[in-house]
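Q: Sending over a structure as structure tokens; questions will come in a sec.
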Amino acid sequence: MDLGSFDLSLIRKPPVGMVLDTNVLRTITENCQDALEYHRMIAFLGDPGFGKTKSLQFFSSKKRNVYYMVVEKSMTSKKFYVELLNLLGFTNSFRGSDLNNLIKSISFHLSQSKQPNLLIIDEAGKFNAKQLLFLHELRDNTLNNTGIILSGPPYFKKNMDNWKLSGLQGVPELYRRIQAWVPLQEPTMKEKKAYCLEYGIMNDLAEELCDECSDFGTLDNKILEIRIAVIKYLKVINK
């Protein structure tokens with residue numbers, strides 16, 4: 001094994017919470033800021049591994065009144081809004097815990113805020129058509145001071161296009177309220193090389209990995225495999 005292709009200090013102790021300055025990060029930051037300031041509703045579309053989630057989490061960690069939620073496939077609509085209410089740090093201001101009262105409570109607290117708010121909803125492609133109907137209700141109740149970001153893979157928009165054409169209740173209305181669909185680009189070769197360098201992989205090996213991997217997720221898996229192999233090799237030669 002050619003150890004000259006590695007920064008061994010980074011192989012042994014890789015960075016934690018590292019965020020690269022990428023095209024995706026810049027696109028997400030600019031559009032999230034617009035959504036926050038001007039109460040816009042914007043959807044990001046990008047394949048897994050492009051850096052959507054990390055960029056959205058980074059933005060939410062740097063701003064006040066920005067709330068990041070992840071949609072889980074097993075979530076019921078009620079569970080989603082209970083978790084959103086908890087994330088906002090609010091209590092249910094209306095009697096009863098049915099879905100309508102939960103949405104009313106969230107809407108009430110957001111609309112009473114003296115500062116602009118932003119809801120970031122990641123993995124929005126896991127919403128079904130009925131769940132989007134409830135989101136339409138929340139949007140209408142809070143559009144004067146709250147922006148909403150939806151983020152998902154390309155099939156999120158394809159699903160919405162199909163539901164819209166089918167005339168499913170509420171979908172055409174919500175579709176109209178999404179003011180921009182922003183496509184996100186795959187990582188560039190320069191960005192992937194910078195990512196490799198941050199994890200201690202250099203020279204021709206980094207070039208080879210970047211040629212093989214079209215996204216950060218796949219690249220991350222390859223880097224982990226290499227790190228494990230190098231660490232095992234070092235243990236053997238240092239015995």
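The values are calculated or read from the model by the stated rules, or taken from the named source; none is laboratory data. Keep in mind the model is a prediction, meaning the values are calculated, not measured. With ideal geometry, Cβ positions are generated from the backbone for all residues, glycine too; neighbour counts draw on all protein chains shown.
Q: Any idea which of Y175, Y195 is in contact with a helix residue (DSSP H, G or I) (Cβ under 8 Å, 6 or more places away or on another chain), without any contact (Cβ under 8 Å) to a residue 60 or more places away in the chain and within 27 Å of F50 (Cα to Cα)?
A: Details: Y195 fails: without any contact (Cβ under 8 Å) to a residue 60 or more places away in the chain.
Going through Y175, Y195 in turn, just one is in contact with a helix residue (DSSP H, G or I) (Cβ under 8 Å, 6 or more places away or on another chain), without any contact (Cβ under 8 Å) to a residue 60 or more places away in the chain and within 27 Å of F50 (Cα to Cα): Y175.
Q: For V82, work out the one condition from (1) hydrophobic (A, V, I, L, M, F, W, C); (2) more than 12 Å from the chain's Cα centre (by Cα); (3) under 23 Å from D161 (Cβ atoms) it doesn't fulfil.
A: Answer for V82: the failing condition is (3).
Q: For I11, state whether it is farther than 14 Å from I120 by Cβ, in the same structural domain as L224 (by TED's automatic domain parsing), surrounded by 18 or more Cβ atoms within 10 Å (Cβ to Cβ) and at pLDDT 90 or above.
A: Details: farther than 14 Å from I120 by Cβ: yes; in the same structural domain as L224 (by TED's automatic domain parsing): yes; surrounded by 18 or more Cβ atoms within 10 Å (Cβ to Cβ): yes; at pLDDT 90 or above: yes.
In short, yes.
Q: Residues of the range 86-119 being modelled with pLDDT of 90 or more and within 22 Å of the chain's Cα centre (by Cα), which ones?
A: Within the range 86-119, L87, I106, L110, P116, N117, L118, L119 qualify.
Q: From the list L25, L45, exactly one residue is within 18 Å of G217 (Cα to Cα) and in contact with a strand residue (DSSP E or B) (Cβ under 7 Å, 6 or more places away or on another chain). Which is it? Steps first, please.
A: Numbers: L25 fails: in contact with a strand residue (DSSP E or B) (Cβ under 7 Å, 6 or more places away or on another chain).
Result of the check over L25, L45: L45.
Q: Of N144, N159, which residue is surrounded by 16 or more Cβ atoms within 10 Å (Cβ to Cβ) and in the same structural domain as K54 (by TED's automatic domain parsing)?
A: Result: N159 is the single residue among N144, N159 that is surrounded by 16 or more Cβ atoms within 10 Å (Cβ to Cβ) and in the same structural domain as K54 (by TED's automatic domain parsing).
Q: Within the range 101-118, identify whether any single residue is outside any helix (DSSP H, G or I), at positive phi and not basic (K, R), and answer yes or no. Lay out the reasoning, then the answer.
A: Filtering the range 101-118 down to residues outside any helix (DSSP H, G or I) leaves 113-118.
Still in the list and also at positive phi: none.
No, the range 101-118 has no match at all.
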